[in-house]
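A short write-up of the structure that comes next.
The values are calculated or read from the model by the stated rules, or taken from the named source; none is laboratory data. This is a predicted model, so every value here is computed, not measured. Don't worry about glycine lacking a Cβ; one is built from the backbone with ideal geometry, like all the others, and counts go over all protein chains shown.
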Amino acid sequence: MGQIRAEESLSIGTVLNARSNPVLAGPTLPIAARQVTKRYGETLAVDDVDLIVAAGQIHGLLGPNGAGKTTVLAMLFGLVEPDSGSLSLFGRDRESVDVEWLDGVAGFIETPRFYPYLSARKNLEHLARLDGGQAPRLIGGALDQVGLSSVADQKVRGYSLGMRQRLGIAASLLRSPRLLIVDEPANGLDPAGARDLWISLRSLAENGTAVLLSSHDMAVVEDVCDSITVLRAGRSVFDGTLAKMRAEAPESAYRLHTSDDQATVSHAADISGVNVERTADGLLVRADRDDLDGFVIALGRAGIAVRGLQLEATPLESLFFRLTEGSARQPRPNPGRSRRVGRQLLIGSQQ
């Protein structure tokens with residue numbers, strides 16, 4: 001295993017380098033975690049969690065801040081040891097391997113770091129030299145795939161957060177990963193940048209790469225993930241396909257402002273399929289689209305003016321909020337600093 005550390009305060013990250021292993025051939029799961037548990041003192045950070053990710057699948061690991069997502073990622077990268085349970089990558093048991101553990105794996109936790117006084121291209125050239133093999137010839141394609149070709153020769157110190165996120169993806173692509181693990185990859189991206197990122201991840205999945213995408217925002221992964229695990233206070237509260245989640249999702253939520261909120265609440269009590277509750281910021285209406293249309297028409301007929309109606313949450317967002325409500329807990333130690341390396345990292349292997 002090779003490792004490099006920059007001496008500057010903003011480092012290029014830590015690169016863990018491993019070579020391909022012929023034992024990896026065969027239909028083994030990229031990620032198979034079963035009943036994994038991790039404690040930090042009295043805090044149960046991850047509690048009996050199962051996580052299965054197949055080749056060619058984009059799997060979302062969702063949950064609010066503090067739900068245990070970063071601890072799960074740190075265990076997958078080998079930065080944190082689980083207290084109990086089993087964890088394997090491509091059929092390799094964490095307890096029985098060392099150097100080979102991260103063969104075929106690439107990605108980052110939180111925001112990737114690079115030398116700020118070097119260009120994006122020079123940073124990637126440096127990483128490619130560490131990997132050797134064919135990585136240098138992949139730089140142009142990786143930069144193009146994440147939309148950074150036009151600014152590849154600019155110094156990274158001038159990059160926005162979103163651009164650095166995309167550069168982290170490009171650095172991961174240099175390792176031709178069979179498993180890509182990314183933490184909040186759309187952080188700092190504008191809608192167009194996020195759209196391009198989803199296209200890139202989907203392209204990788206269609207070519208057989210498994211992708212694990214961590215986020216606290218249901219809307220971020222709604223259009224890209226095939227399956228989802230939702231964490232709440234360290235426990236899995238949902239695990240299944242996106243289709244299953246949609247089938248279990250409640251109605252959409254809408255913010256409604258009227259000329260008479262009290263009368264609106266009373267009126268809704270007599271209408272099937274519509275639930276209205278008063279909040280500090282107007283009325284919150286839960287209903288499917290057809291029932292909502294009928295409700296708005298009924299309000300007009302009753303002489304109640306609708307002064308504002310805005311989608312508050314999609315059905316999947318509504319289910320996510322319901323699953324994770326009340327999941328806040330006390331802060332815990334940062335797992336990224338607990339062993340071997342700092343929080344920012346790039347991990348992978350040359351195929």
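Worth a mention:
- Scanning the range 107-132 for residues that are within 15 Å of SER176 (Cα to Cα) and surrounded by 24 or more Cβ atoms within 10 Å (Cβ to Cβ) gives GLY107, PHE108, LEU124, LEU127.
- Taking the range 227-300 as the region of interest, the strands (runs of 3 or more DSSP E) fully inside it that hold 2 or more residues being under 28 Å from the mean Cα position of the chain (by Cα) and more than 26 Å from LEU213 (Cβ to Cβ) are 252-258.
- Qualifying residue in the range 133-142 (condition: under 28 Å from VAL72 (Cα atoms), in a helix (DSSP H, G or I) and either touching a His at 6+ places or on another chain (Cβ under 8 Å) or in contact (Cβ under 8 Å) with a residue 24 or more places away in the chain (or both)): yes
- You will find that of LEU174, LEU138, LEU118, the residue that is assigned by TED's automatic domain parsing to the domain that holds VAL80, touching an Asp or Glu at 6+ places or on another chain (Cβ under 7 Å) and either on the phi > 0 side of the Ramachandran plot or not aromatic (Phe, Trp, Tyr) (or both) is LEU174 and no other.
- Any chance LEU79 is under 25 Å from SER214 (Cα atoms), assigned to a helix (DSSP H, G or I) and under 24 Å from the mean Cα position of the chain (by Cα): no
- The residues of the range 200-223 that are farther than 12 Å from ILE169 by Cβ and among the hydrophobic types (A, V, I, L, M, F, W, C), listed by number, are ALA205, ALA210, LEU212, MET218, ALA219, VAL220, VAL221.
- Top-ranked residue of the range 173-219 - restricted to ones that are basic (Lys, Arg) and in a loop (DSSP other than H, G, I, E, B), ranked as nearest to ALA67 (Cα to Cα): ARG178
- If you go through the range 39-67 and pick out every residue that is part of a strand (DSSP E or B), over 16 Å from the mean Cα position of the chain (by Cα) and small (Gly, Ala, Ser), you end up with 1.
- Within the range 108-149, the set of residues being of a type in the set (Ser, Thr, Tyr) and modelled with pLDDT of 90 or more comprises TYR115, TYR117, SER119, SER149.
- Pair list, Cβ under 9 Å, 6 or more apart: the range 177-199 residue in the same structural domain as ILE58 (by TED's automatic domain parsing) and of a type in the set (A, V, I, L, M), other residue in a strand (DSSP E or B) and modelled with pLDDT under 80: LEU180/GLY348; ILE181/ILE347
- Which numbered condition ASP153 fails, given (1) within 30 Å of GLY234 (Cα to Cα); (2) in contact with a strand residue (DSSP E or B) (Cβ under 8 Å, 6 or more places away or on another chain): (1)
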